[in-house]
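To start, the structure itself, in structure tokens.
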Amino acid sequence: MKEIRPEVKEKHEKMLWTVFACGFLGVWLIFAHFAFGYGITNMGINDMITGGVILIASFFAFKANRFGFVCLWLITIAGLWLNFAPLLFHAKHAVEYLNDTAVGILVVLFSLIIPGLPGKVEEVGHEIPPGWSYNPSSWLQRLPVIKLGIVGMFISRYLAAYQLGYIDTMWDPAFGDGTIEVITSKVASFFPVPDAGLGCFAYTIEVLLGLKGGQSRWRTMPWMVISFVFLVVPLGIVSIVLVILQPLLVGAWCFLCLCTATAMMIMIVFAVDELIAVFQFLHLSVKAGNGFWKTFWHGGDLPGTKDDSEQPFSQVPVFTMYKRAFMGVGWCWNLYLSAAAGVLFMFFPHLFNFTGFMRDVDHLVGSLIVVCSILSLAEVIRALRFINIGFGLFIAIVSWFYQGPAVYHTLLAIALILLSIRRGKIRETYGSWQKMIK
């Protein structure tokens, strides 16, 4: 059996306090259902079993050996399970949901996020990818995504509280009972568990993965970055599309759902550059003769990577700190005007009081125009704005065949097309990806 490296043992010994913390949380779970008074329910039994697994695994995790590292992964899986179990068992009491999710987050923090990957010491240095002008994995780059993920997590918890029956009213300052109509609709009921709770679970994992890894994780943990961005980008797009379809499928808008969709759009803008850096790294690594799966799981290094010479963000003025966080995100006036055009298309049915097919087109395509315009703020996917040209042509043509103010539609569509041609200034460099930025 391969011997554990000394630096791995040293790291493990320094982090033994996190194993103690996991053991304490296991004991907490075993007795929590008695303390909170929800008795021997399905959730109570689940807490005792899961708490016992965490407690036993924590005893074996004290040893810096392969079995101990496996036990740490088992504890991490138990923490993720605690965030999902209240949805599966439809927890009857709010305290059950709160206790399991809070303890589950702490368990993942103490078993994986704080001590690092079991059995591995992450490399430091060489933070900037070849040909790039900044580090897409820096903490300042990840901070907006983590903060917005926390916002989405709490909004989703609030919506899930209504679906699970913990509260009987919902706050919606814009659409009245629209939020309740949406989260109790047939679309929402399609899922076997509360869909808002699933959203909360996804946001929780996004936040935890956003906290995981150092500032070189684009090359040291490709699998982690891809898992993180997969939750942010594809699931984010699905979430946004579902929100867009609300007025068409349900006939109502949900204000809080719109807030989470907006947060998700901004998260994608800040996260997509790290995904591009990982794809570049994997491509160049395989081209250099390294195995794909070995690089994917264990990372590596490449010629041309360099250290980040910028001062630590804790030692710079606040304005400079936030300026660095927005590296890779452009401030293009034409994209903001394009988004405004999309919003105006969405309001056309209300401004001109028309219904039918054209109303649905304006709602759907107008929303997609807003999404494409906002996502195009990310310099690495600036070419996405060209999709708006197709949307403009579609609306301009269709408006002459169906009920609606064709002249206004056509004029606004032409304005959208012209706005979508301008690329705007690209402030950063992206190595071999530069040629993809049109």
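The values are calculated or read from the model by the stated rules, or taken from the named source; none is laboratory data. Just so it is clear, the model here is predicted, and its values are computed rather than measured. Cβ: placed from backbone, ideal geometry, glycine included. Neighbour counts: every protein chain shown. SASA here: full protein model, heavy atoms, side chains in, ligands and nucleic acids out. Shrake-Rupley method; radii C 1.70, N 1.55, O 1.52, S 1.80 Å.
Whenever a residue of segment 108-133 is closer than 30 Å to MET436 by Cβ and of a type in the set (Phe, Trp, Tyr), its partners that are open to solvent by 20 Å² or more (accessible area, probe 1.4 Å) and part of a helix (DSSP H, G or I), lying with C-beta atoms within less than 7 angstrom and at least six residues away or across chains, give the pairs TRP132/GLY431. Every listed requirement among (1) touching a helix residue (DSSP H, G or I) at 6+ places or on another chain (Cβ under 7 Å); (2) modelled with pLDDT under 90 is met by SER58 save one, (2). Out of ALA64, ALA91, one residue alone is outside any helix (DSSP H, G or I) and surrounded by 23 or more Cβ atoms within 10 Å (Cβ to Cβ). It is ALA91.
The residues listed here are LYS435, LYS425; of these, the one that is outside any helix (DSSP H, G or I) and either among the charged types (D, E, K, R) or open to solvent by 30 Å² or more (accessible area, probe 1.4 Å) (or both) is LYS425. Among residues of segment 181-208 that are over 21 Å from VAL232 (Cα atoms) and at pLDDT 85 or above, those with a Cβ under 7 angstrom from a residue that is of a type in the set (Phe, Trp, Tyr) and open to solvent by 20 Å² or more (accessible area, probe 1.4 Å), sequence gap 6+ or separate chain, pair up as ILE183/TYR162.
If you go through segment 43-61 and keep only what is small (Gly, Ala, Ser), part of a helix (DSSP H, G or I) and under 19 Å from ILE113 (Cα atoms), you end up with ALA57, SER58.
With closer than 20 Å to ILE266 by Cα and open to solvent by 20 Å² or more (accessible area, probe 1.4 Å) as the only criterion, which of VAL233, VAL225, VAL124 stands out? Result of the check over VAL233, VAL225, VAL124: VAL233.
Just one of the numbered conditions (1) free of Cβ contacts under 8 Å to residues at least 60 places away in the same chain; (2) touching a Phe, Trp or Tyr at 6+ places or on another chain (Cβ under 6 Å) is not true of ALA94; which one? Result: ALA94 passes all but (1). With respect to being modelled with pLDDT of 95 or more and on the phi < 0 side of the Ramachandran plot, LEU419 fits the description. The set of residues in segment 131-161 being open to solvent by 30 Å² or more (accessible area, probe 1.4 Å) and assigned to a loop (DSSP other than H, G, I, E, B) consists of GLY131, SER133. Taken as a whole, the structure leaves GLY197 outside the set of residues that are on the phi > 0 side of the Ramachandran plot, crowded, with 18+ Cβ neighbours inside 10 Å and touching a Ser or Thr at 6+ places or on another chain (Cβ under 8 Å).
Whether a residue is surrounded by fewer than 17 Cβ atoms within 10 Å (Cβ to Cβ) and outside any helix (DSSP H, G or I) was assessed, and ILE40 passes this test.
Taking segment 328-379 as the search range and keeping residues that are polar (S, T, N, Q) and farther than 18 Å from MET264 by Cβ, which one is farthest from the chain's Cα centre (by Cα)?
Going through segment 328-379, the residues polar (S, T, N, Q) turn out to be 334, 338, 353, 355, 367, 373, 376.
Then keep just the ones that are farther than 18 Å from MET264 by Cβ; that gives 334, 338, 353, 355.
On the way: ASN334: 26, SER338: 25, ASN353: 37, THR355: 36 Å.
Per the stated criteria, the residue is ASN353.
Considering segment 166-179 alone, what residues qualify as being out of contact with any Phe, Trp or Tyr (no Cβ under 7 Å at 6 or more places or on another chain) and either of a type outside the set (Phe, Trp, Tyr) or at pLDDT below 90 (or both)? Those that are out of contact with any Phe, Trp or Tyr (no Cβ under 7 Å at 6 or more places or on another chain) and either of a type outside the set (Phe, Trp, Tyr) or at pLDDT below 90 (or both): ILE167, ASP168, THR169, GLY176, ASP177.
A Cβ distance below 9 Å, combined with a sequence gap of six or more or placement on separate chains, defines the contacts here; from segment 274-293, residues that are without any contact (Cβ under 8 Å) to a residue 24 or more places away in the chain reach residues that are among the β-branched types (Val, Ile, Thr) in the pairs PHE279/ILE226; SER285/THR295; VAL286/THR295; PHE292/VAL286. Taken residue by residue, segment 37-49 has no member that is farther than 30 Å from ALA94 by Cα, of a type in the set (Asp, Glu) and without any contact (Cβ under 8 Å) to a residue 60 or more places away in the chain. Taken over segment 323-374, the criterion of being surrounded by fewer than 16 Cβ atoms within 10 Å (Cβ to Cβ), without any contact (Cβ under 8 Å) to a residue 40 or more places away in the chain and not hydrophobic (A, V, I, L, M, F, W, C) is satisfied by LYS323, TYR336, HIS350, ASN353. Residues of segment 249-265 that are closer than 24 Å to VAL329 by Cα and either in contact with a strand residue (DSSP E or B) (Cβ under 9 Å, 6 or more places away or on another chain) or open to solvent by less than 40 Å² (accessible area, probe 1.4 Å) (or both): THR260, ALA261, ALA263, MET264, MET265. Of everything listed in (1) β-branched (Val, Ile, Thr); (2) surrounded by 22 or more Cβ atoms within 10 Å (Cβ to Cβ); (3) in contact (Cβ under 8 Å) with a residue 40 or more places away in the chain, the single unmet condition for ILE105 is (2). Looking across segment 162-180 at every residue that is in a loop (DSSP other than H, G, I, E, B) and among the β-branched types (Val, Ile, Thr), the one that is most open to solvent (accessible area, probe 1.4 Å) is identified as THR169.
Comparison of ILE113, ILE77, ILE54, ILE30 shows that the only residue that is open to solvent by 50 Å² or more (accessible area, probe 1.4 Å), of a type outside the set (D, E, K, R) and on the phi < 0 side of the Ramachandran plot is ILE77.
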